1. If you scan segment 42-72, which residues turn out to be more than 18 Å from the chain's Cα centre (by Cα) and open to solvent by less than 30 Å² (accessible area, probe 1.4 Å)?
2. For residues in segment 73-88 being of a type outside the set (G, A, S) and not in a loop (DSSP other than H, G, I, E, B), which is surrounded by the fewest Cβ atoms within 10 Å (Cβ to Cβ)?
3. Looking only at segment 98-137, count every residue that is surrounded by 10 or more Cβ atoms within 10 Å (Cβ to Cβ), modelled with pLDDT of 60 or more and outside any helix (DSSP H, G or I) and tell me the total.
4. Any chance you could count how many residues in segment 1-12 are without any contact (Cβ under 8 Å) to a residue 12 or more places away in the chain, of a type outside the set (F, W, Y) and open to solvent by 100 Å² or more (accessible area, probe 1.4 Å)?
5. Q95 - would you say it is part of a helix (DSSP H, G or I) and either in contact with a helix residue (DSSP H, G or I) (Cβ under 9 Å, 6 or more places away or on another chain) or modelled with pLDDT of 90 or more (or both)?
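The values are calculated or read from the model by the stated rules, or taken from the named source; none is laboratory data. It should be emphasised that the depicted structure is a prediction, and the values quoted were computed from it without experimental measurement. Every residue, glycine as well, gets a Cβ built from its backbone with ideal geometry; the counts of neighbours run over all protein chains shown. Calculation scope for accessible area: heavy atoms of the full protein, side chains included, ligands and nucleic acids excluded. Shrake-Rupley method; radii C 1.70, N 1.55, O 1.52, S 1.80 Å.
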Amino acid sequence: MSYCKQEGKDRIIFVTKEDHDTPSNAELIADDPDDPYEEQGLILPNGDINWNCPCLGGMASGPCGSQFKEAFSCFHYSSEEVKGSECIDYFSKMQECMQRYPELYPQEEDKESSSQVESRSGSDSAAPSDNSALISESDSTAATSSDSTAPTDSQIAS
């Protein structure tokens, strides 16, 4: 006699030899759009938005998830001549929400300014300072003038 028992999140099914001997009567539906294990894209076969799509990068969840869903839904279902032109209010609400959480939603300007600061600090340490460039130029000038065949002031005087 087979039976099933639940332990936390796991379900343990005990079967008998007779259960294994009989063929399975499970029916598989190949293209079930509601199958949570089936790989789906951004748009489900019925035209709805797949909010679990990894392509959204988690934008549909989090503190601004509802604003993102409203804005994206408006754009997706938009039938205006300029697609999404009626959704500006939804996108501005989403942007306002995202600005309240800069650690979760970094702005493009923030990324650019931080990369510019990093590149400047990296180039400052790699490039010689103006003083060191002058010192090395004068050192090389002194070295070439003493090695050159042209007479120096002390050689002309003697």
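1. Matches in segment 42-72: G47, I49, N50, A71.
2. It comes out as I88.
3. The total comes to 7.
4. Counting residues in segment 1-12 that are without any contact (Cβ under 8 Å) to a residue 12 or more places away in the chain, of a type outside the set (F, W, Y) and open to solvent by 100 Å² or more (accessible area, probe 1.4 Å) gives 3.
5. In short, yes.
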